[in-house]
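Notes for the one structure printed next.
The values are calculated or read from the model by the stated rules, or taken from the named source; none is laboratory data. Everything quoted here is computed from the prediction, not taken from an experiment. Ideal geometry is used to build each Cβ from the backbone, glycine not excepted, and the neighbour counts take in all protein chains shown.
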Ligand SMILES: [Zn+2]
Ligand SMILES: [Zn+2]
């Protein structure tokens, strides 16, 4: 758990942008999707905002419990006093469990030494594609240490000295784009006494996309930025988030922006300006950008400032993103815990940035998001991305994943949060349905990995697995817990682990504390194992002495069948409809049979009409789509409703893509080829007159 | 996978004789709705009206007792009507199911029921309500098959000629059109009803919304003196 991977955790993939086209087309269509995707009330029996206020109050009194990861580390709550603890919240003056001084990041145990603070000056030399960096680095040892190992992005010149300029003994090695250097100290650092050294470096900027496709830096004429191309130091063996002050040098006619609080600028002797930023929170995610930025201002809960920086050309649109961000943050503050930072800056970058990046208290997004307006088809894409990045202010920043196997705590939760927001704000499950289908139809078995697998990064389908399936896995928890209990769990989790590291198992433990439900099986099935539900579903009507029952058989012909909660919707001739959540718990068997009592003979039975289950279903009585027990004309009518809905298209690279309007239902793909067409109608005709076997 | 009992009689095999003539002869009653209503309501089958919609012997005023077919005419829209006649020459009850008054109809289906002790189904054919084709962008697909004695599954639905995610299903408005034709021979004397099993009756718009319709029945009366199995 000490591996220090290049932090791709908070990225939003270029894939996001790739999807935008489809989203735009979809949203531009004035036509409502057909009946299956017309939103039903969410959790009809537990309206999800009803009790949340009360639970929040309750939970904040109970937050004392903290799950010890079992490492033998002292209880972090009562751990060694942080020098800043005991200070009241500078804003309210009241001690608040979520306030900035409660930071400890002790979930991984106390390291031998930490980076406490970095004072960083950056000077971007665009013509030379170089970044010159000067850093004063404050180190605090907790044990006597005589060597420090640190990491920065690959530098061409590196000078490390004492503050007074006297040299230090340094050995540096370059490894895959990073420079790791070790300072050998003449005498060990004294525990709990801060020591500051100075670093001066020059890095040749290589702004080609890394990892999943975001540009680490950009040197275009309009926007210049450095994000993942690290200019600050991290400890190479441990996580060591730090507070920082950042000074960005820019031409006099440009404006520099960065996460943290902007604290003014001043003119330099050469006519350029230096812009100052204060990051009072400990974090090791950052970035900065330079352009002809103008700020549009908004207000967050607690009168905290929101700053949206766009180029002058986009200034008239910025109010849309201001309004959106205010709403999303208000919503997450209510659903999870209050927004924790002193403020938020949202910054526009070039389109080729590709997606979004959300370090603590700052969000970078690609250009066109800032041109979206609520009356255009592009808006839903802008909302989805913005809400995802804002979600990272909680998931990934307030609570950081402890290991690479816990990245779901950042990306899956941010994406789930975004889906939760759009489900209400846009009145549509389109985003989460797209996530389901993305995983179900784009991940070859050879690339599949468990969401919680260590090194899940290494799968070429990382985005589909962690962002898309991961979000679906959290969304499915609503079937198990109800939305309000899931939110109560997340609230408790964010409180317990605020400014700390957490594992997926920590979240499971919080769910147990909050709901009393042991979700071991769910974690095991969805985070530790790969794959999804594949089942044949058959239905028949049983009339016993006038008591009518819809009997369903769910048959999973796989080694280890999944346990899940299945929403079953039963429609009646009088236009009424009822939805029941049915537990499918195979306990090792392949087939599960469930009975649902009904008052009248239904006209159809539908499964999971809102895609709340990560599944592919097929008819167990082939062609009996409405689960009546007969393959008849009604099934033909059902098929007509689902006709089209998806197609396979060949990309330029020859690969086939699955393309759908999101009302795709694989149940109707009788002749399985990922499209519902005349071949399927023909297949249905072969089965007409079939009666379901007895079960 | 174990499959349930299949009804192993193909539709094609059932077409024991060409049905083209049914279309032309029954086309005569596809008159304006008002006429259909008037005639059906006003005429008692026993009067031997020549209006074949309500049933009569077409071979003239023979003294021999012949089976009669009495349909119901709709009194509301949309509707599903069972029209028919006794064709003495063919010695068959010939039936056409009409649908009318529909708006945005995507598909319609039901189990058609009849008394299998009294009637034997000898021919069945789906009809095309709008004579559409790939060139008009839409086509109807239909199905009809025995499910059990006296129970026939049937349905038609309108499909686009192409399958594409943004080519949405689209229904059609139908003033009056044919859905299905059937032919029966009589097996025994007495009255029996041809109708649609209530819980299976279904029509939907392209949005999926169910359409409530008036589903009518018809009665076949085979007189006691009728000679079963008489040669056509
Ligand atoms: Zn993300
Ligand atoms: Zn069926």
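The lone criterion from (1) touching a residue at least 60 places away in the same chain (Cβ under 8 Å); (2) closer than 18 Å to residue A:452 by Cα; (3) in a helix (DSSP H, G or I); (4) within 14 Å of ligand 1 (Cβ to nearest atom) left unmet by residue A:400 is number (3).
Please indicate, with yes or no, whether at least one residue in region B:212-227 is at the interface with another protein chain (Cβ under 9 Å from one of its Cβ atoms) and within 21 Å of the chain's Cα centre (by Cα). Steps first, answer last, please.
Our first condition is that a residue be at the interface with another protein chain (Cβ under 9 Å from one of its Cβ atoms); within region B:212-227, this holds for B:212.
Then drop every residue that is not within 21 Å of the chain's Cα centre (by Cα), which leaves B:212.
Scanning region B:212-227, I find at least one residue that is at the interface with another protein chain (Cβ under 9 Å from one of its Cβ atoms) and within 21 Å of the chain's Cα centre (by Cα), so the answer is yes.
Here residue A:586 fulfils each of the conditions (1) more than 16 Å from ligand 2 (Cβ to nearest atom); (2) out of contact with any helix residue (DSSP H, G or I) (no Cβ under 7 Å at 6 or more places or on another chain); (3) outside any loop (DSSP other than H, G, I, E, B); (4) under 15 Å from residue A:553 (Cα atoms) apart from (3). Which residue is farthest from the other protein chains (Cβ to nearest Cβ), if the candidates are limited to region A:682-695 and must be surrounded by fewer than 20 Cβ atoms within 10 Å (Cβ to Cβ), within 43 Å of the chain's Cα centre (by Cα) and touching a residue at least 40 places away in the same chain (Cβ under 8 Å)? Among those residues, the one meeting the criterion is A:683. Taking region B:96-178 as the region of interest, the strands (runs of 3 or more DSSP E) fully inside it that hold 3 or more residues being touching a helix residue (DSSP H, G or I) at 6+ places or on another chain (Cβ under 9 Å) and more than 13 Å from chain A (Cβ to nearest Cβ) are B:119-126. Within region A:603-621, the set of residues being within 8 Å of another protein chain (Cβ to nearest Cβ) and touching a residue at least 40 places away in the same chain (Cβ under 8 Å) comprises A:620, A:621.
Scanning region A:351-367 for residues that are modelled with pLDDT of 95 or more and away from ligand 1 (no atom under 16 Å from the Cβ) yields one hit, A:367.
Here is a check on your reading of the model: is residue A:670 over 25 Å from residue A:432 (Cβ atoms), away from chain B (no Cβ under 11 Å), touching a residue at least 40 places away in the same chain (Cβ under 8 Å) and assigned to a loop (DSSP other than H, G, I, E, B)? Give the steps one after another, and end with the answer.
On the way: over 25 Å from residue A:432 (Cβ atoms): yes; away from chain B (no Cβ under 11 Å): yes; touching a residue at least 40 places away in the same chain (Cβ under 8 Å): yes; assigned to a loop (DSSP other than H, G, I, E, B): yes.
Judged against the criteria, residue A:670 is a match.
Going by what's in this entry, would residue A:221 be described as in the same structural domain as residue A:359 (by TED's automatic domain parsing) and crowded, with 21+ Cβ neighbours inside 10 Å? The answer is no for residue A:221. Please find, within region A:643-652, the residue that is surrounded by the most Cβ atoms within 10 Å (Cβ to Cβ) out of those that are touching a strand residue (DSSP E or B) at 6+ places or on another chain (Cβ under 6 Å) and facing chain B (nearest Cβ under 8 Å). The qualifying residue surrounded by the most Cβ atoms within 10 Å (Cβ to Cβ) is A:645. Based on this model, can you work out whether residue A:467 counts as within 14 Å of chain B (Cβ to nearest Cβ), outside any strand (DSSP E or B) and either in contact (Cβ under 8 Å) with a residue 40 or more places away in the chain or within 13 Å of ligand 1 (Cβ to nearest atom) (or both)? When the stated conditions are applied, residue A:467 does not pass them.
Residues are listed down the side, and each one gets a yes or a no for (1) crowded, with 23+ Cβ neighbours inside 10 Å; (2) touching a residue at least 12 places away in the same chain (Cβ under 8 Å); (3) within 12 Å of ligand 2 (Cβ to nearest atom):
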site	(1), (2), (3)
A:598	no, yes, no
A:624	yes, yes, yes
A:631	yes, yes, yes
A:636	yes, yes, yes
A:661	yes, yes, no
A:666	no, yes, no
A:680	no, yes, no
